[in-house]
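Values quoted throughout were computed directly from the atomic coordinates according to the rules given, and no laboratory measurement underlies them. Keep in mind that this is a model prediction, so the values were computed, not measured. Don't worry about glycine lacking a Cβ; one is built from the backbone with ideal geometry, like all the others, and counts go over all protein chains shown.
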Amino acid sequence: MIKVAIYGKGGIGKSTCTANLAAAFATLGKRVIQIGCDPKADSTINLLGGTPVTPVMDYLRTHDDDPDTVEAISETGFGGILCIETGGPTPGLGCAGRGIITTFNLLEQLELFEQHQPDVVLYDVLGDVVCGGFAAPIREGYAEHVLIVTSGEKMALYAANNIRNAVNNFADRSYAKVRGVIMNRRNVEGEEEKVRAFADSAGLEIVADIPRSDDIIRCEDMGKTVIEGAPDCEAAKRFLALAQKLIDEETTSAP
């Protein structure tokens, strides 16, 4: 099973990258689960035609009992992708990271992976603050690899470095390791040089170079990924290439 946590600064496009990568895996014939680990709960919306799934934390606030099935807190989107959002607390009350931990505990109780037997699980995680809750996908054994989404903007690179350091703190515990960097271009001055300098200094590979694309914007306006809405565009080809790369690596490393 391919298990990847995708981290990045808020607003850097990690949800766009995650959803498009999930759609790419599904197009290549894989059974995919995407779990949004952000209080905004918008990670999977472009896999669902623009209609958001009810976040787990919202469900728990409005029901007296925990759900009996995964289907009660999920929706099936493009390519059969199972879409789940953790959500967060009522704004101004509680800890957003706690929502991730609560959701993960619930999904274990519901035997999500045993029941659905996915080939790929993607976690879309806010990376501005890598606190206990937001670090859960890398420190609790859920993900095996981390992809960091960044542009050449200063604060995006700053967050990327913080994420790398946070993951490295668990290096001796057999937790997830950083697999590489997704360069999600914003067309800032010297962008490629800045991102490559960061990747080289961190000893990381740039695993995908996603162009700034009007196709992505147009498709998101329709509630779609480019994999669904513009499959022949350059951005879609880049996401498909990344998915195939990860599949090939998993196949090569399998016993």
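Using only side-chain charges placed at the Cβ, +1 for Lys and Arg and -1 for Asp and Glu, the dipole size of the chain relative to its Cα centre rounds to 740 debye. Taking label positions 7 Å along the Cα-Cβ direction at both residue 161 and residue 108, the computed distance is 3.5 nm, reported to one decimal. Taking a ≥ b ≥ c as the square roots of the eigenvalues of the Cα gyration tensor, the range 140-249 is oblate, since a/c reaches 1.5 or more and a/b is not larger than b/c. Length gained on full extension, residue 197 to residue 65, computed as 0.36 nm times the residue gap minus the Cα-Cα distance: 42.4 nm.
Using only Cα atoms, what is the ratio of the radius of gyration of the chain to 2.2 N^0.38 Å?
Computed over Cα atoms of the chain, the ratio equals 0.95.
DSSP assigns beta bridges within the range 2-253; of those with both partners inside it, close to 5 percent run antiparallel.
If the segment from residue 237 to residue 177 were pulled out straight at 0.36 nm per residue, it would be longer than the present Cα-Cα gap by 19.0 nm. Each Cα pair under 8 Å and six or more residues apart adds its separation to the average, and for the chain the resulting relative contact order is 26 percent.
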